[in-house]
Amino acid sequence: MNKQLKSTSMLLGDFDRFVDNRSSVFQIYSPEFFLKILEWHKLFWMKRYESREKKEGVQHRLLFGEILRKLESILRKVEKKALLEGSSYACSKTRARLC
Amino acid sequence: MEFLASILNASGDLLNIMGMVGIAFLTVLIPIALAIFGDKKEFEDLDRNVILDHVVKSRKFIGFIALVYTPLLLWGSSNVVFRTAYLVLWAIGIAQLGGILGRAYRWMKDNKYPLRLEYLELLDNPEDLEVAWRSVWETENIEPQHEEEFFALFSSLIDNYLQNYE
């Protein structure tokens, strides 16, 4: 199980590293993308909390923390791109439609 | 039935035809294999893995060659029952080589995205997964439509890992 968590962390790390290579259309206007990142952030946050409650090894909590930091970094980069490209209004509107 | 037995017993012609068909398939495959490994700029690692593991199926390739040529080696010392079995094995080997030719044709002629997506969908080795997905995300200027397709696959993979963790 630890192996899959490490793999998840590695995969999300690569996605985060190259998220600036993604098109604005995909990053800003794709509802699936933004929703999924938020959903994963919530689920991994809950998993980290459960892991603390169950007193699982510190290795698990560190991995969850690492994954959460990568997801937060993706969200920060997307928001920054929307602001820099003057698409923040469109971006907020897409997000508002999702909520 | 008697007709089939007479063909299988008169080994010379059939054996020659089987050998020639095998050689013909391999002769066509060699230049095609050289052509599909041409210079690449985008999806470099992913495409190399797609060609090796999905188009050519390099891990099973020796097996396909054995399926085509082992029956020819054992043909002379076998009876009709074994020859029928060898003919079936040879046909399976030829069908597999034909499958490689078909996929190589699709790779060279058509849009490469469906084969890339098929490969990513079937992939389960964690090391190959990391290399393949890194190669996808580091590629710039992917059309948004394909970005969506890649992301749909990527998210199903992460969701799957999350479910397994539960």
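No value in this document is a laboratory result; all are computed from the given coordinates. Bear in mind that the values here come from a model prediction, so they are computed numbers and not experimental data. For neighbour counting, all protein chains shown are included, and Cβ atoms are generated from backbone atoms with ideal geometry for every residue, glycine included.
Percent relative contact order of chain A, based on C-alpha pairs within less than 8 angstrom and at least six residues apart? List each step's numbers first, then the result.
Working: 63 pairs, mean separation 41.6, N = 99.
Result for chain A is 42 percent.
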**Item:** Order of B:75, A:45 - criterion: other Cβ atoms within 10 Å of each residue's Cβ, fewest first
**Value:** A:45, B:75
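For the stretch A:37-80, how big is the tail of P(r) above 11 Å, as a whole percent of Cα pairs?
Details: 586 of 946 pairs.
Percent of Cα pairs beyond 11 Å in the stretch A:37-80: 62.
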**Asked** Pick from A:57, A:65, A:13: which residue has the top mean-square fluctuation in a GNM of chain A where Cα pairs under 10 Å get a spring?
**Response** A:57
**Request:** Convert each backbone phi in the stretch B:57-71 into a coupling constant with the Karplus relation 6.51 cos²θ - 1.76 cosθ + 1.60 (shift: θ = phi - 60°), then list the ³J(HN,Hα) values in order as whole Hz, x for Gly and Pro.
**Result:** 6, 4, 5, 9, 4, 4, x, 5, 5, 5, 4, 7, 9, 4, x
**Asked** Given Cα pairs under 8 Å that are at least 6 residues apart, what percent is the relative contact order of chain B?
**Response** 29
**Request:** Among A:9, A:24, A:34, pick out the residue whose Cα is farthest towards the positive end of the charge dipole of the stretch A:1-79, where Lys and Arg carry +1 and Asp and Glu carry -1 on C-beta, about the Cα centre.
**Result:** A:9
**Request:** Give the dimensionless ratio obtained when the Cα radius of gyration of the stretch B:2-165 is divided by 2.2 N^0.38 Å.
**Result:** 1.36
**Prompt:** Quick one: putting +1 on the C-beta of Lys and Arg, -1 on the C-beta of Asp and Glu, what dipole do you get for the stretch B:2-165 around its Cα centre, in Debye to the nearest 20?
**Reply:** 1000
**Asked** By Kyte-Doolittle mean hydropathy of at least 0.0 and Cα axial length of at least 27 Å, which whole DSSP H helices of chain A are selected?
**Response** A:58-84
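Going by how many other beta carbons lie within 10 Å of each one, how would you line up B:20, B:108, A:10, fewest first? Walk me through the numbers before you get to the answer.
Details: B:20 10, B:108 13, A:10 19.
Least crowded to most crowded, the residues run B:20, B:108, A:10.
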**Message:** For the pairs A:6/A:47; A:36/A:81; A:6/A:36, flag any whose C-alpha to C-alpha distance is greater than 23 Å.
**Reply:** none
**Asked** GNM, chain A, Cα, under 10 Å: largest mean-square fluctuation among A:22, A:48, A:69?
**Response** A:22
**Complete:** Working note, the stretch A:2-98: Cα radius of gyration (Å, one decimal) and Dmax (Å, whole number) are 14.9, 46
**Prompt:** Given 5 Å bins starting at zero, what is the percent of C-alpha pairs of the protein assembly as shown in each, up to the one with the largest pair distance?
**Reply:** 1, 5, 11, 12, 12, 11, 9, 8, 7, 6, 5, 5, 3, 3, 2, 1, 0
**Prompt:** Can you give the angle from 0 to 90° between the axis of helix B:113-122 and the longest principal axis of chain B, with both taken from C-alpha atoms, to the nearest 10?
**Reply:** 80
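Arranged by the count of other C-beta atoms within 10 angstrom, fewest first, what order do B:27, A:8, B:84, B:139 take? List each step's numbers first, then the result.
Numbers: B:27 9, A:8 24, B:84 14, B:139 19.
So the residues, fewest neighbours to most, are B:27, B:84, B:139, A:8.
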